[in-house]
Amino acid sequence: MLGVVGWVRTRKDDGGNRTIRPSINSGSTIDTGGTDVALGNNNQYAMLQSLTYPNTGAPWSVAGVNATEFGVKITN
């Protein structure tokens, strides 16, 4: 397996500013690589690409993907 790409579709439905980052939780490691994405009132997408399993640095395996949680971290 060459890598994993996580996509999230986001939208802000309240006032004020809000930023997020896509995140990968694998074992005891949380990878929030990339940059903050400022949310707007319309749907938009954010992506996080990972070429290695964040918990070990080894190449991804099917079992590693299945054991990993993908989501977002609110940064502001």
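In the list [x] 26, 11, 9; [y] 33, 14, 5; [z] 24, 19, 10, the label attached to semi-axes √(5λ) of the Cα gyration tensor in Å as derived from the coordinates here is [x]. Taking the Cα centre of the chain as reference, the dipole from Cβ charges on Lys and Arg (+1) and Asp and Glu (-1) amounts to some 140 debye.
Our coupling estimate for the range 2-14, obtained by passing each phi through the Karplus curve with A = 6.51, B = -1.76, C = 1.60 and θ = phi - 60°, is 7, x, 10, 10, x, 10, 10, 9, 10, 6, 9, 10, 9 Hz, Gly and Pro reported as x.
Taking amide H atoms as placed 1.01 Å from N in the peptide plane, the amide H of residue 18 lies under 5 Å from those of 39, each 5 or more residues away in sequence or on another chain.
Working from label points 7 Å from Cα in the Cα-to-Cβ sense, the residue 5 to residue 36 distance is 2.6 nm. Along the range 68-76, what does the Karplus equation 6.51 cos²θ - 1.76 cosθ + 1.60 (θ = phi - 60°) give for ³J(HN,Hα), rounded to whole Hz, x for Gly and Pro? With the stated coefficients, the range 68-76 comes to 9, 9, 10, x, 10, 10, 7, 9, 7 Hz.
Rule-based calculations on the coordinates, nothing more; no lab input. Values in this document were obtained by computation on a predicted structure and should not be read as measured data. Don't worry about glycine lacking a Cβ; one is built from the backbone with ideal geometry, like all the others, and counts go over all protein chains shown.
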